[in-house]
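Chemist: Provided herewith is a single structure, encoded as structure tokens, for subsequent inquiry.
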Amino acid sequence: MSVEAVSVWPMVRGLSEHDRDELFTMGARRRYRRNEVIFHQGDVADSVHLIEEGHVASRAFTEEGDAVTYRLLGPGEVFGLLALQSGTVRRYGTTVALDPTVTRSESPATSSSSRRRRATSATSEELA
């Protein structure tokens, strides 16, 4: 996937070309199989993911054990933002790949503070 292709993603629309290039190449590329759990509720929140390809679902479970999907995400969307806060755990549920999925993931512990600020700013603006 090219940087030009992602320039239409809502999260990156307001970023400069340099920041968009940096965001696209940040972190490690991770591949997930269909139905593979990316993280569980209670896991340490140590990475932020940008979806390049595929789709993920965030799910919670009822007391009876039934899965309730409360968020569907696709290319250009970000999940795992609690990792931008230090010392947190995943609070809201389990995230699973719905189909073969590719993400870029980065740990805030290894990213530069300026890159974290730009990513947080871009995401906050998108959520507003």
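The values are calculated or read from the model by the stated rules, or taken from the named source; none is laboratory data. All of these numbers come straight from a predicted model, not from anything done at the bench. Backbone-built Cβ (ideal geometry, glycine too); neighbour counts: all protein chains shown.
Chemist: Going by the conditions given, is Gly87 assigned to a loop (DSSP other than H, G, I, E, B), exposed (fewer than 12 other Cβ atoms within 10 Å of the Cβ) and at pLDDT below 75?
Modeler: Working: assigned to a loop (DSSP other than H, G, I, E, B): yes; exposed (fewer than 12 other Cβ atoms within 10 Å of the Cβ): yes; at pLDDT below 75: yes.
It is true that Gly87 is assigned to a loop (DSSP other than H, G, I, E, B), exposed (fewer than 12 other Cβ atoms within 10 Å of the Cβ) and at pLDDT below 75.
Chemist: Of the residues that make up the stretch 3-25, is at least one out of contact with any Lys or Arg (no Cβ under 7 Å at 6 or more places or on another chain), at pLDDT 65 or above and basic (Lys, Arg)?
Modeler: Looking through the stretch 3-25, none of the residues is out of contact with any Lys or Arg (no Cβ under 7 Å at 6 or more places or on another chain), at pLDDT 65 or above and basic (Lys, Arg).
Chemist: Also, I was wondering about something else. How many residues, within the stretch 39-60, are farther than 11 Å from Val102 by Cα and not charged (D, E, K, R)?
Modeler: Going through the stretch 39-60, the residues farther than 11 Å from Val102 by Cα turn out to be 39-48, 57-60.
Filter once more, so that each one left must be not charged (D, E, K, R): 39-42, 44-45, 47-48, 57-58, 60.
Residues in the stretch 39-60 being farther than 11 Å from Val102 by Cα and not charged (D, E, K, R): 11 in total.
Chemist: Exactly one condition in (1) modelled with pLDDT of 80 or more; (2) outside any strand (DSSP E or B); (3) of a type outside the set (A, V, I, L, M) is not met by Arg104; state its number.
Modeler: Here Arg104 meets the rest and fails (2).
Chemist: In addition: Scan the stretch 39-74 residue by residue and report those that are in contact with a Leu (Cβ under 9 Å, 6 or more places away or on another chain), in a loop (DSSP other than H, G, I, E, B) and within 18 Å of Ala28 (Cβ to Cβ).
Modeler: Selection gives Ala45, Gly54.
Chemist: Further question: Identify, by number, the condition in (1) at negative phi; (2) at pLDDT 90 or above; (3) exposed (fewer than 12 other Cβ atoms within 10 Å of the Cβ); (4) not aromatic (Phe, Trp, Tyr) that Asn35 doesn't meet.
Modeler: (1)
Chemist: Looking at the stretch 61-76, is at least one residue in contact with a His (Cβ under 9 Å, 6 or more places away or on another chain) and either over 11 Å from Thr103 (Cα atoms) or free of Cβ contacts under 8 Å to residues at least 12 places away in the same chain (or both)?
Modeler: Yes, the stretch 61-76 has at least one match.
Chemist: Any idea which residue in the stretch 49-77 is modelled with the highest pLDDT, counting only those that are β-branched (Val, Ile, Thr) and surrounded by fewer than 12 Cβ atoms within 10 Å (Cβ to Cβ)? Explain how you work it out, then say what you get.
Modeler: Kept after step one, since they are β-branched (Val, Ile, Thr), are these residues of the stretch 49-77: 51, 56, 62, 68-69.
Then keep just the ones that are surrounded by fewer than 12 Cβ atoms within 10 Å (Cβ to Cβ); that gives 62, 68.
Values: Thr62: 88, Val68: 91.
Within the stretch 49-77, the match that is modelled with the highest pLDDT is Val68.
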